[in-house]
Amino acid sequence: MDDGEAKLQSSVHVERKGALEIWLINRPERRNALDRATIRLLGKLAEQAACDSSLRAVIISGKGGHFSAGADLKERQQMSKEEVQELLSLYRTVFGAIDRLPVPVVAAIDGVALGGGLELALACDFRIASSSAILGLPEVTLAIIPGAGGTQRLSRLVGPSRAKELILFGKRVSGKEALEMGLINALAEESAISFAEEFVAPLLEGAPIAIAAALEAIDAAWNHSLEEGLSIERLCYERTLASEDRLEALRAFNEKRKPIYKGK
Ligand code: COA
């Protein structure tokens, strides 16, 4: 898509602002609940983003004042056990693809991020919430458990004890409480989406190969022993060594100017 071009999709509205793409879940009449079509669309967007060399960051948010009220419980009521199982696999694939994107992804949370909505935010690299936001994983109160990565990603982020408190009690926390427990990176006084744009701006001019390598190496810390993680860090470092941007950084330093990174 060209700069400034806005593309209307059925349930996710995509806006392109230079090197930044903003994905807005667009089902305000259902508080942006995630039905199958929306999850599939997010998966398609992640697939396209992964091979877009001009993209430097993504913000995910929602239209109508909410991030997402989670799984579409009206759709879910019509689904068989087998269909729910298929949906869980779809969630896993799509949120995994978002998690692994080589560009930073920021969740900008206004209003509610509940259930699958919060799980989507947990698959992002950063979370910004407005002070009036409400975050929670209420699945256990609905006689199920978070099934789109919530038990794993929340525990890793805030520790198992806090994760158990949120999940078992279905506790809903405010933006301020979420900040205090490390669930979000920053609190926006007003609109989370405007804050997220400012937050991510420095990364749009950053060195893309280094940013992708850092994301991959940091994410490896979750899933590997220290020794394995250190080997992955080394491999990621070597990708930056081979880049033209590394040489540009050294030239710019010596010429006392701002580097211009091309992602090469
Ligand atoms: N799935 C499907 N529809 C949903 C939904 C969901 N998760 N959350 C809200 N909606 C629908 C409501 O059914 C309602 O539709 P209707 O007018 O046809 O009845 C519409 O969105 C507005 O919801 P309402 O509850 O009237 O709005 P609100 O602003 O007062 O409250 C929420 C918003 C999100 C706090 C509240 O709807 C809620 O708690 N939803 C359930 C969230 C949840 O448990 N998610 C976890 C799923 S595992």
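Quick note on the range 1-97: its Rg to Rh ratio, both from C-alpha atoms and Rh being the Kirkwood radius, is 1.00.
Compute the signed sum of charges (Lys and Arg +1, Asp and Glu -1) over the other residues within less than 15 Å, Cβ to Cβ, of P102.
That sum, taken over residues with Cβ under 15 Å, equals -4.
Taking the Cα centre of the range 3-204 as reference, the dipole from Cβ charges on Lys and Arg (+1) and Asp and Glu (-1) amounts to some 440 debye. In the range 208-254, taking the dipole from charged Cβ atoms about the Cα centre, the farthest positive-side position among I211, F253, Y237 is held by F253. Karplus-derived 3J(HN,Hα) values for the range 63-79, using 6.51 cos²θ - 1.76 cosθ + 1.60 with θ = phi - 60°, are 8, x, x, 10, 6, 6, 7, x, 3, 6, 6, 6, 5, 4, 4, 8, 8 Hz; glycine and proline are entered as x.
The range 13-70 gives an Rg/Rh value of 0.99, both radii derived from C-alpha positions and Rh following Kirkwood. Equivalent ellipsoid of the range 92-141: semi-axes from √(5λ) of the C-alpha gyration tensor, largest first, are 20, 15, 5 Å.
Structural descriptor for the chain: relative contact order 15 percent, calculated from alpha carbon pairs under 8 angstrom and at least 6 residues apart. Note that the chain presents 52 Å² accessible area per residue, ligands and nucleic acids not counted, probe 1.4 Å.
Helix screen, the chain: DSSP H segments with Cα axial length of 20 Å or more and mean Kyte-Doolittle hydropathy at least 1.0 are 208-223.
What translational D, rounded to a whole number of µm²/s, comes out for the chain from Stokes-Einstein when the hydrodynamic radius is the Kirkwood one over Cα pairs, at 25 °C and 0.890 mPa s?
D, rounded to a whole number, is 128 µm²/s.
With a Förster radius of 25 Å applied to the C-beta separation of W222 and E180, the computed FRET efficiency comes to 0.65. Solvent-free Debye calculation, one equal scatterer per alpha-carbon of the range 54-146: log10 I(q)/I(0) at 0.12, 0.16, 0.21, 0.24 Å⁻¹ equals -0.40, -0.70, -1.09, -1.27.
Per-peptide packing, taken as the mean over residues of other Cβ atoms within 10 Å, places 224-235, 137-148 in the sequence 137-148, 224-235 from highest down.
Considering Cα pairs under 8 angstrom that are at least six residues apart, work out the relative contact order of the range 208-254 and quote it in whole percent. Relative contact order for the range 208-254 comes out at 45 percent. As a fraction of the 1.4 Å probe accessible area of the range 101-163, surface on carbon and sulfur atoms comes out at 60 percent.
I need the shape label for the range 115-264. Rule: rounded when a/c is under 1.5, else prolate if a/b > b/c, else oblate, with a, b, c from the alpha carbon gyration tensor. The shape class here is oblate.
Apolar share of the accessible surface for the range 221-264: 58 percent from carbon plus sulfur atoms, 1.4 Å probe. The count of lysine pairs in the chain with alpha-carbon distances below 24 Å, taking only pairs 8 or more places apart or on different chains, stands at 15. Between K262 and E15, take the C-beta separation as r, use R0 = 25 Å, and let me know the FRET efficiency to the nearest 0.05. Step by step, r from the Cβ atoms, then E = 0.55.
Among 31-39, 203-211, the peptide with the highest mean count of other Cβ atoms within 10 Å heads the list, and the full ranking is 31-39, 203-211.
Once every DSSP H run of n ≥ 4 in the chain is given -39500 (n - 2.57) and the sum is divided by its residues, what mean residue ellipticity at 222 nm do you get, rounded to the nearest 500 deg cm²/dmol? Computed ellipticity for the chain at 222 nm equals -15000 deg cm²/dmol.
For the range 3-204, the antiparallel share of DSSP beta bridges with both residues in that region comes to about 35%.
For the range 208-254, the C-alpha radius of gyration divided by 2.2 N^0.38 Å, with N the number of residues, is 1.29.
The values are calculated or read from the model by the stated rules, or taken from the named source; none is laboratory data. Computed from a predicted model, the values in this text were never measured in an experiment. We place every Cβ from the backbone using ideal geometry, glycine too, and count neighbours over all the protein chains shown. Surface accessibility is based on the protein's heavy atoms, side chains included, excluding ligands, DNA and RNA. Shrake-Rupley method; radii C 1.70, N 1.55, O 1.52, S 1.80 Å.
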